[in-house]
1. Does segment 157-165 include one or more residues that are under 19 Å from Ala29 (Cβ atoms), open to solvent by less than 10 Å² (accessible area, probe 1.4 Å), more than 16 Å from the chain's Cα centre (by Cα) and small (Gly, Ala, Ser)?
2. Residues to consider are Pro176, Pro191; find the one that is of a type outside the set (Ser, Thr, Tyr) and open to solvent by 20 Å² or more (accessible area, probe 1.4 Å).
3. Quick check on my filter: what residues within segment 169-212 are of a type in the set (Gly, Ala, Ser) and either under 30 Å from Phe159 (Cα atoms) or not in a helix (DSSP H, G or I) (or both)?
4. Does Tyr66 satisfy being aromatic (Phe, Trp, Tyr) and without any contact (Cβ under 8 Å) to a residue 12 or more places away in the chain?
5. What are the pairs with Cβ atoms under 7 angstrom where one residue, in segment 293-313, is closer than 20 Å to Phe130 by Cβ and open to solvent by less than 50 Å² (accessible area, probe 1.4 Å) and the other, located anywhere, is at pLDDT below 80 and not in a helix (DSSP H, G or I)? Sequence gap at least six, or different chains.
6. Filter segment 234-273 for residues that are free of Cβ contacts under 8 Å to residues at least 40 places away in the same chain, in a loop (DSSP other than H, G, I, E, B) and open to solvent by less than 70 Å² (accessible area, probe 1.4 Å) and give the result.
7. Do the conditions hold for Ala45, that is, is it buried (at least 24 other Cβ atoms within 10 Å of the Cβ) and of a type in the set (A, V, I, L, M, F, W, C)?
8. Taking the criterion of being outside any helix (DSSP H, G or I) and open to solvent by 10 Å² or more (accessible area, probe 1.4 Å), would at least one residue in segment 131-154 satisfy it?
Amino acid sequence: MKLNASLLRSTIVAALGGLLFGFDTAVIAGTTSALSELYHLSPAALGVTVSSALLGTIIGAMTAGYPGDKYGRRDSLRIMAVLYVISALGCAFAANWGMLVVFRVIGGLAIGGSSVLGPMYIAEIAPAKFRGRLVGFFQFNVVFGILLAYFSNYVVGLFNLGAAEWRWKLGVAAIPAAGFLLMLFGIPRSPRWLVKQRRVDEAREVLKLIGEENYEQELKDIVESIDADHVSADERFFSRKYRLPIFLAVTIGLFNQLAGINAILYYLNAIFADAGFSKVSADLQAVAIGFTNLVFTMIAMMLIDKAGRKKLLLIGRHGAMSGGCGGGFSVVRA
């Protein structure tokens, strides 16, 4: 089986949620100095400003499964796209610090929701043969979005927009978010979700559309797996037999954050400015760091099946304190 146009297009569109994830996470780095001066923020208040999106991210990630199951992965991604647009425009036109924080939280809801729904949609629409690589494309887009955010900050800074510059830096995210929303109207629903809704004929048509050669067998496998899920639905997730995989999943994700990468992403421009670089030079240095992160992410994705997840995770942990390579190798957490 080959990747056909419909499957590739659906994957790219769903993975744009990852690009916006990365963009919204890192774009705040180019505005910290301006926000501190405008709202007279203490270091603690600035910390609340840049990390406020994380609150929304936690809530979004924890609750995204509910609309995903009720309305479908694709339609729920549309909701996330709307939230991205609202967040970008709300931050750009925020009348005060409180409004800015609120819209940052809304952006976090979109980040958390898309981080769950995007890979879920891709995994359910992708054939088993290509599933790992296609789901990995979402993670690639997260890192590419971070690079794009730093580059966007650099380009906006060249226009010398004065006091309104930070508004442009945050508001420009509305453009890709609106594009994401529009493109979501051109991709099909997840065949697995359709089967769960007893819309088997529609699921069959989607499988045909994405180029599944033996679509009847694939449809049968989906039905059987859903029936199996129903049988095991009463089994407790937090039970003794699952304690080790749950512990590993939680702690790997936890230590990815405790390594400090988010603090660097949020304050990268300010770090270079405090080191003596000019404003434009600091923005450009941030682009270089983002590019390094992207390169090592690509290396990790190419090596993941050859070197193994555990080895790359260990390399990533050792490199985390030194910057880009550690962040790049952290993609193997999935």
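1. Within segment 157-165, one or more residues are under 19 Å from Ala29 (Cβ atoms), open to solvent by less than 10 Å² (accessible area, probe 1.4 Å), more than 16 Å from the chain's Cα centre (by Cα) and small (Gly, Ala, Ser).
2. Numbers: Pro191 fails: open to solvent by 20 Å² or more (accessible area, probe 1.4 Å).
Matching residue, one of Pro176, Pro191: Pro176.
3. Going through segment 169-212, the residues of a type in the set (Gly, Ala, Ser) turn out to be 171, 173-174, 177-179, 186, 190, 203, 211.
Once the filter is applied, which keeps residues that are of a type in the set (Gly, Ala, Ser) and either under 30 Å from Phe159 (Cα atoms) or not in a helix (DSSP H, G or I) (or both), segment 169-212 yields Gly171, Ala173, Ala174, Ala177, Ala178, Gly179, Ser190, Gly211.
4. Working: aromatic (Phe, Trp, Tyr): yes; without any contact (Cβ under 8 Å) to a residue 12 or more places away in the chain: yes.
Against the criterion (aromatic (Phe, Trp, Tyr) and without any contact (Cβ under 8 Å) to a residue 12 or more places away in the chain), Tyr66 qualifies.
5. Between residues of segment 293-313 that are closer than 20 Å to Phe130 by Cβ and open to solvent by less than 50 Å² (accessible area, probe 1.4 Å) and residues that are at pLDDT below 80 and not in a helix (DSSP H, G or I), there is no close pair.
6. Taking segment 234-273 as the starting set, the residues that turn out to be free of Cβ contacts under 8 Å to residues at least 40 places away in the same chain are 234-251, 254, 257-258, 263, 271-272.
Now narrow it down to the ones that are in a loop (DSSP other than H, G, I, E, B): 234-239.
The one that is free of Cβ contacts under 8 Å to residues at least 40 places away in the same chain, in a loop (DSSP other than H, G, I, E, B) and open to solvent by less than 70 Å² (accessible area, probe 1.4 Å): Ser239.
7. Values: buried (at least 24 other Cβ atoms within 10 Å of the Cβ): no; of a type in the set (A, V, I, L, M, F, W, C): yes.
Judged against the criteria, Ala45 is not a match.
8. Keep residues of segment 131-154 that are outside any helix (DSSP H, G or I), which gives none.
For segment 131-154, residues outside any helix (DSSP H, G or I) and open to solvent by 10 Å² or more (accessible area, probe 1.4 Å): absent.
The values are calculated or read from the model by the stated rules, or taken from the named source; none is laboratory data. Since this is a predicted model, take the numbers as computed values, not measurements. Note that we place each Cβ from the backbone using ideal geometry, even for glycine, and neighbour counts take in every protein chain shown. Surface areas here come from the heavy atoms of the whole protein model, side chains and all, with no ligands, DNA or RNA. Shrake-Rupley method; radii C 1.70, N 1.55, O 1.52, S 1.80 Å.
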